[in-house]
Structures are given as C-alpha cells and as structure tokens.
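Student: The following block contains the structure, expressed as structure tokens.
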Amino acid sequence: MDKTSRSLPQALPHYLVNPLALGYLGVVLAVCLWVAADTFSAASSGDAGFAGVWAILVTAPASMLFLAGPAGLIGIPIGAIVQAAALGALYRYITERRARSTESGVSSA
C-alpha cells in the first residue's frame, strides 16, 4: 500500500503516536485540568477568572475556528487533535528524513 493512499482513520494514529504529539496532548490535558480546577475553585469564591482562555490559546489556531456559536467548547479537543497531528507529521518527516540520510551514508554532524 502506498503512503499517499491511506485513509484518515489509518493515517491519524500514524501521526498521533509519537513523543512530540503525545507530549503536546499531555500539555493540553494538563492545561484543561488546571482550567477545570480553577473554574471549580472560582465558582465557590464567586470570582470569575480568565483561566478558560488558556485552553483555547494552547490549541490555537485550530480551536479559534469554533469560537462563534454554541459549539465553542468543541473547538478545544478538535484543535488539540489537529495541532497534535501537525506536530506528529513534522516529527515523522524529520525522523524519516534523518533515517534516509543515515542509510545513504550522509552524516548530519
């Protein structure tokens, strides 16, 4: 099967399962947990903060496409997946390029 003939469900795990994409998703999860904790603590004190903006900013620019309308919160997980897939594709490109240059005897040092 050719690399370019992969469907989206076949290609997505290929790009999401690597250290860079998983690290980014971990950062997004940590920020979302912090936002949730801040929201619950602010709800009991009556102080509304801007912590929720961080979840949108960490997944920008893809999450900003969904800010308008009632489906605003769906932009955060979609933005996280899009950004992680882009980082995963970059990671795969760099590692495969480095592996090809090592096989051909060209050193990057």
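The values are calculated or read from the model by the stated rules, or taken from the named source; none is laboratory data. All values derive from a computational prediction rather than experimental measurement. Ligands, DNA and RNA are excluded from the accessible area calculation, which covers all protein heavy atoms including side chains. Shrake-Rupley method; radii C 1.70, N 1.55, O 1.52, S 1.80 Å.
Student: Would you kindly derive the ³J(HN,Hα) couplings of the stretch 50-64 from the backbone phi angles with the Karplus curve 6.51 cos²θ - 1.76 cosθ + 1.60 (θ = phi - 60°), listing them in order in whole Hz, with x for Gly and Pro?
Tutor: Coupling constants for the stretch 50-64: 9, 5, x, 5, 4, 5, 6, 5, 6, 10, 6, x, 5, 6, 6 Hz.
Student: Turning to a different aspect of this structure: With a 1.4 Å probe and all protein chains kept in place, how much accessible area does Leu33 have, in Å² rounded to the nearest 10?
Tutor: Ignoring ligands and nucleic acids, Leu33 comes out at about 110 Å².
Student: What do you reckon, how do Ser63, Ser41 stack up by accessible area (1.4 Å probe), largest on top?
Tutor: Values: Ser63 0, Ser41 60 Å².
Correct descending sequence by accessible area is Ser41, Ser63.
Student: Assuming 0.36 nm per residue, please report the length gained on full extension of the stretch Trp34 to Glu96 beyond their Cα-Cα distance.
Tutor: Numbers: separation 62, 0.36 × 62 = 22.32 nm, distance 3.55 nm.
Extra length available between Trp34 and Glu96 comes to 18.8 nm.
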